[in-house]
Amino acid sequence: MSKNDFEISEFEKRHSRVRLEMEKFGIELLLVFAPANINYLIGTPSKGYQEFQVLFFPLKPDKLTIITRLPDSPHLKAESLADEVIGWGGREPEDPIDVMKRVMRERNFSGLQTGVEVPYYYLHPYDYKKIIDLIGDSLVKDATDLIGSIRLIKSPAEIEYVKKAALILDKSMETGLKSINAGKTERQVSADIHHTLLLSGSDIPSSPMNFLSGPRSAFAHAEPSDRVISNGDFMHIQFGAHWKRYCCTIGRQISLGKPTQRMLDIYQVARDAVDACIEVIKPGVPATVPHEAAKNIISKAGMDRYRLHMTGYAVGAAFPPSWVEPLVLESNCPYILQEGMVIAVEPPLFGLEDGLGVRVIENVLINKNGAQALCKTTRDLIILDN
């Protein structure tokens, strides 16, 4: 996503919404570290998230300054709304926090009531400690989810990008199903899928593909391996497509040849849990409700000990290594579901003693009537001829 992917009015609305939240908490300066949040505010596809970067977002509208590593500065100058791009390092070693300290002094940011994001993947603990020492008593709030919570509700333009990603997913899943044959490796099937993803316009994935066949299907997360697919294999696959960084994900269960009754039985439990979860997703419903609906299905089947993964979560614009937004479908989730949210529903079963596992993932858009599935690929157990 760059500044050219949306009308300037969309960015202006985003700035206003964020500033309203800042005002509620008495934040005069927001330090933005998460790349999806920086992207949301100024629009840039730069890979600067691999190293230290920070956007200074003031409560009073003013020029926007970002610090990024020096080699990424030309990209941000060309494709972002940042008024000032300051690079660090590159030619010679440099501590970016020293640069940050200088910028705060020169821009009169020091002493402002400050909110700080502490994202899971993009801020090193050593840098965080230096930043907290730098801010001192001016720190008024952990603002990690301030922008993320706003981003949960997608604009019409954002929804169109997510729908485009879903179209790419369906096309890529069709490629994958045609590719799966006895004698091919998981890696070879993955290569075919990735070829279609990129050829169809998808950005690089925010999270690696999970593809597990045979006894590996009992595992939750593993990249495609050199395991040779065999007749009778039970398998599940999960991957995402991204259009201008907006993400949609899919997960489907597959049997190469006729499945056993055991395979059918455990698939049906997971499928019923997914369907029950989707059925209760509506505007105004607490996010705990769909979680409990899926959990009850699995528990009644006596399989709660195999419920090793979260029920689901919100997705949207995403950067490696994750596409998960702040809303997670679990028992302590504080959010209320609202129209315009995109939720990945995926209550799975993993770790069964007979080397089996099931993962069915459906991304749904919440509208005024409930939940609309974004992909058209069937959620039924996909049985391929051997």
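The values are calculated or read from the model by the stated rules, or taken from the named source; none is laboratory data. Small disclaimer: the values here were computed from a predicted structure and weren't measured. Note that each Cβ is placed from the backbone with ideal geometry, even for glycine, and that neighbours are counted across all protein chains shown.
Yes/no matrix, rows are residues, columns are (1) among the acidic types (Asp, Glu); (2) in contact with an Asp or Glu (Cβ under 9 Å, 6 or more places away or on another chain); (3) assigned to a loop (DSSP other than H, G, I, E, B); (4) surrounded by 21 or more Cβ atoms within 10 Å (Cβ to Cβ):
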| residue | (1), (2), (3), (4) |
| --- | --- |
| Ile67 | no, no, no, yes |
| Val99 | no, no, no, no |
| Lys141 | no, no, no, no |
| Ser149 | no, yes, no, no |
| Val162 | no, no, no, yes |
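Right, Ala241: among the small types (Gly, Ala, Ser) and surrounded by 20 or more Cβ atoms within 10 Å (Cβ to Cβ) or not? Taking the combined requirement at face value, the residue satisfies it.
Within segment 136-160, residues that are β-branched (Val, Ile, Thr) have Cβ atoms under 7 Å from residues that are modelled with pLDDT under 95 and surrounded by 17 or more Cβ atoms within 10 Å (Cβ to Cβ) in these pairs: Thr144/Pro119, counting only partners at least 6 apart in sequence or on another chain. Against the test of being out of contact with any Cys (no Cβ under 7 Å at 6 or more places or on another chain), among the aliphatic types (A, V, I, L, M), touching a residue at least 40 places away in the same chain (Cβ under 8 Å) and assigned to a helix (DSSP H, G or I), the options Ile366, Ile298, Ile343 yield a single qualifying residue, Ile298. The residues on offer are Val280, Val285, and the sole one that is free of Cβ contacts under 8 Å to residues at least 24 places away in the same chain and surrounded by fewer than 20 Cβ atoms within 10 Å (Cβ to Cβ) is Val280.
For segment 369-386, residues that are farther than 24 Å from Pro286 by Cα and outside any loop (DSSP other than H, G, I, E, B) total 3. Reported count of residues in segment 244-270, each being buried (at least 19 other Cβ atoms within 10 Å of the Cβ) and of a type in the set (Lys, Arg), is 3. The residues on offer are Ala314, Ala293, Ala222, Ala318, and the sole one that is among the small types (Gly, Ala, Ser) and farther than 30 Å from Thr196 by Cβ is Ala293. Contact map, segment 194-219: residues that are in the same structural domain as Ser46 (by TED's automatic domain parsing) paired with residues that are among the β-branched types (Val, Ile, Thr) and part of a loop (DSSP other than H, G, I, E, B), Cβ distance under 6 Å, separation 6+ or inter-chain. No pairs are found.
Scanning segment 127-160 for residues that are closer than 24 Å to Cys248 by Cβ and of a type in the set (Asp, Glu), we see that the one that is farthest from the chain's Cα centre (by Cα) is Glu160.
If you scan segment 267-295, which residues turn out to be under 28 Å from Ser155 (Cα atoms) and either assigned to a strand (DSSP E or B) or not aliphatic (A, V, I, L, M) (or both)? The answer is Asp275, Cys277, Glu279, Lys282, Pro283, Gly284, Pro286, Thr288, Pro290, His291. Within segment 116-126, does at least one residue satisfy the condition of being outside the structural domain of Ser207 (by TED's automatic domain parsing), more than 24 Å from the chain's Cα centre (by Cα) and either of a type in the set (Lys, Arg) or part of a helix (DSSP H, G or I) (or both)? Yes, because at least one residue in segment 116-126 is outside the structural domain of Ser207 (by TED's automatic domain parsing), more than 24 Å from the chain's Cα centre (by Cα) and either of a type in the set (Lys, Arg) or part of a helix (DSSP H, G or I) (or both). For segment 168-212, a residue qualifies if it is surrounded by 15 or more Cβ atoms within 10 Å (Cβ to Cβ), aliphatic (A, V, I, L, M) and in a loop (DSSP other than H, G, I, E, B), and the qualifying residues are Ile180, Met209. When Leu308 is tested against (1) at pLDDT 95 or above; (2) in a loop (DSSP other than H, G, I, E, B), only condition (1) is not met. For Leu29, which of the numbered conditions (1) closer than 18 Å to Lys154 by Cβ; (2) surrounded by 21 or more Cβ atoms within 10 Å (Cβ to Cβ); (3) modelled with pLDDT of 95 or more fails to hold? Status for Leu29: all satisfied but (1).
Residues are listed down the side, and each one gets a yes or a no for (1) under 16 Å from Phe57 (Cα atoms); (2) of a type in the set (D, E, K, R):
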| residue | (1), (2) |
| --- | --- |
| Val85 | yes, no |
| Trp88 | no, no |
| Glu117 | yes, yes |
| Lys141 | yes, yes |
| Ile150 | yes, no |
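Residue count for segment 166-213, restricted to those that are among the aromatic types (Phe, Trp, Tyr) and modelled with pLDDT under 95: 0.
Any residue in segment 40-48 that is over 28 Å from Pro326 (Cα atoms) and assigned by TED's automatic domain parsing to the domain that holds Asp127? Checking segment 40-48: not a single residue is over 28 Å from Pro326 (Cα atoms) and assigned by TED's automatic domain parsing to the domain that holds Asp127.
When Val328, Val360, Val345 are checked against the criterion of being under 30 Å from Ile38 (Cβ atoms) and either crowded, with 24+ Cβ neighbours inside 10 Å or out of contact with any Phe, Trp or Tyr (no Cβ under 8 Å at 6 or more places or on another chain) (or both), Val345 stands alone in meeting it.
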